[in-house]
Each structure stands twice: as structure tokens, then as C-alpha cells.
1. Would you pull out the residues with amide H under 5 Å of residue 190's amide H, same chain only if 5 or more places away, H placed 1.01 Å from N?
2. With the cut-off at 31 Å, tell me which of the pairs 205/235; 338/364; 235/258 have Cα atoms farther apart than that.
3. In whole Hz and in residue order, list the ³J(HN,Hα) couplings for the stretch 268-276 that follow from phi through the Karplus curve 6.51 cos²θ - 1.76 cosθ + 1.60, θ = phi - 60°; x for Gly and Pro.
4. Principal axis extents for the stretch 143-221, Cα atoms only, whole Å, descending order, please.
5. Using a Förster distance of 45 angstrom, determine the FRET efficiency expected from the C-beta separation of residue 364 and residue 257, and round it to 0.05.
6. Once phi is turned into θ = phi - 60°, what whole-Hz ³J(HN,Hα) does the Karplus curve with 6.51, -1.76 and 1.60 give for every residue of the stretch 320-334, x standing for Gly and Pro?
7. How far apart, in nanometres, would the label points at residue 33 and residue 192 be if each is projected 7 angstrom from Cα along the Cα-to-Cβ direction?
Amino acid sequence: MHFFFICLTIFLGILVTARILKLTSLVINKGVEFLDIVIIFMSIVPSFLELAIPMSVLLATLLAFARLSSDSEIVVMRASGISLLALIRPVALFGLAATSISFLVALYLRPIGNATLANYLFKVASSHTTSGLTAGVFNELGNIVIYAEKINHSTGDLEHVLIDDRRKPDQRLIIVSQSGVISSNKLDRTINIKLFDGTIHTLEKNDTYNLTLFGTNNISVPPDELAQPDEQKGKRPRELLIPELKTKIAILEPNLEKLESLEEQSKMLKYVTSAEIEIARRITMPLACVILALLAMPLGIHPPRSQNSWGPSLCVIIALVVFVLYYGLLSVGMSLSKDGSVSPYISLWIPNIICALIATMTLKKMGSEQWNSFIQAFEQTLSKFSKKLFPS
């Protein structure tokens, strides 16, 4: 068990380090309060735990059985008539315990953390928007460039404003106004720029030019980059609990065919697909803990000579290779689901099914002592393949 907590601490430390630099930048450059930074940091941790727990289970199990192998205890147990299959029960219990924790993270802590993170990022974006702008300088906000001759950072008032809006690929807007003001809308998490007494210069893709005069003009900017999905303002699928996701799907699906606009249909279908992927992911990722624990059991048994030569580094390499392959298959499944090729309730189960089949086969082979170790089995398979490929 101590291997698990050591691995979990190391993986969390690695994943968190990159984010700490960004959070430090918020404190120094934006003047964000320390308490807000702590809450943002705590909101990020559940997303890291979703990855760190299965990785820690895999590596901890590998290290435990590698230690048994290096001390020749596996050889002693086999000589005493104790089958490797007798060790499955404690390994399965360990995997199930990790799965329970992972379910808690996936079903509750991660969506709650994501919702809290989105709210606080919007709070930071809305309260420090003007502090991030510099008067007399072209300031970039995503695909919008803002220039203001004077900025009142306490009220958000702007004077002599020029905005270059390139959010639409087939249209470019140059907006010039005498004054403006920046405000935030907490309901849909958008930053609003209200402009007064100006002109809009519109250049279309077909080189058509239009000039429009206005007394008042509003520009709405999403906060992530302020990047909020156009298709669904408010909470995104990753911020909702499973009952809320199912309710959302039940509401949106019947209305898909009723929409006349193909663009609106596409946006709504994309949101429904994202919600279904999120539900499937929250079930499959926690179950990976017990499957990877059972897979790591035979993979961790090595000949003593391998342990003397490589030691724990061999386990780390195997763990990284297995998890990269697992997560790669998961990413492929998510891509297929997003394209609509395969249902997410099928594609996201592929990595678990493959790992379960490999674990079953290796445990059976090593339990019956057809294989003494996975490395030996790999060497035998490679030798047979070489003989078939290059017969003497």
C-alpha cells in the first residue's frame, strides 16, 4: 500500500507543477487574491486524480511483485505449491478499493471541481479584465485586439477605442468608438464590451466592404479566452453530475430534428455527444484501476537477474508503456465517438476489454506455470516469430 501512496504523490507532483507556474503568474501579474488561487488549485486536483490513481495502482502493483521477484519469494511460493492465482484476491481487493476512490473522484469531485474552477476563472476574468489591459497598447483577447487611449481600471470605462474583431474566419470587423465600458455577465459567463458613438468597418471574404454608424454597440466575449462553447452557454458537460447530464440529454435529443438550422443541429448534437462521452468516461476510467492492477500482477514478475540489472526502473518503463497504450486507446475511442462513428458506450470500453483479456491470458499462463515470467514469455514469442520469419 505504501508503494501506492508514494506513486500517487509523485504523479500528482508532476501533474501539478506545470499549473503552479500559471497560478503564480495570476498572483504576480493580475493581483488575484491568494484565497482564490487556493480554491482554483483545489478545483484542479480532482482532474489530476482521475489520471494519477490508475497510474499509481499500475506502478504500485508492478513494484510490489517486482520486489517479491527480486527476493525470490515467487520462486519459493511456487516450490511450496502455492499457485500464483492464490495472490489474485488481495490484488483484486486493492484494485477495487482504488476503483471506489476513483468512482468518488469521477462521479462527484471532478464535476464539482470543474464547476468551481469555471466559476472562479470567470470571477478572475471579470474582475481583472481591465487590469490586464494597458492604455495606449494593442491588447489581445483571443481573436480580438483592443486599443484604448485611456482606461479607468476601477470602473472599466474606456476612451477612444479601436477593436479588431477576427472571430469569424470569413469576416473582419474594425470598430472605432469614442468611448466604451467593460462589464461581466455572471449568468452566461461572458465579458461584455459596450461601445458608444462609433463606426464599424466590415470586410467580407468576397472583398465586400461595408461601413456602419452606431450610437451603441455591444460585443460579447467568452471568458476562457475567453472561450465558452458557442453551442451551450453556462455549464459544460464536464461540470455536470451524471443525473444532470442524463436530464440534459433527455431534453436536447427530442429537439434535434425540430431545429431547422443545420448549424444549430450540429451544435446541439455536439453537446449531446460530449455529454454521452462524459458519462461513459466516468464509468470506464475508475474500472481501469482493478483491471490494471490484475494486469500489473503478471507483468511485475521478473527473473531475479532482470531485477538486479534494471531494478525499479524496469517497472517504471513497463508502467508508462502500458498506461500510454491504454490512454491512447481511450483517446482513439473518444475521437471515434466525437465523429459519430461509434457510440461512446462502446468505444470507451475498448481499452478496458483489451487490458482485461491480456490480464486473463497472462494470469492463466503464469498460474499454470507455462510462463515463469512475462519477460520469458516475450523472449519465447520473439524467438518463435524470428524462426518463422527467418527459417534456418
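1. Residues meeting the amide H criterion: 185.
2. Violating the 31 Å limit, Cα to Cα: 205/235; 338/364.
3. 5, 5, 4, 5, 4, 4, 4, 5, 5
4. Sorted largest first, the three principal extents are 42, 27, 19 Å.
5. About 0.35, to the nearest 0.05.
6. Karplus values, whole Hz, x for Gly and Pro: 5, 4, 4, 6, 5, 5, 4, 5, x, 5, 5, 5, 4, x, 5.
7. Spacing of the two 7 Å Cα→Cβ label points: 2.5 nm.
Computed from the coordinates by the stated procedures, all read-outs in this text should not be read as laboratory data. None of these values were measured; they are calculated from a predicted model. Note that each Cβ is placed from the backbone with ideal geometry, even for glycine, and that neighbours are counted across all protein chains shown.
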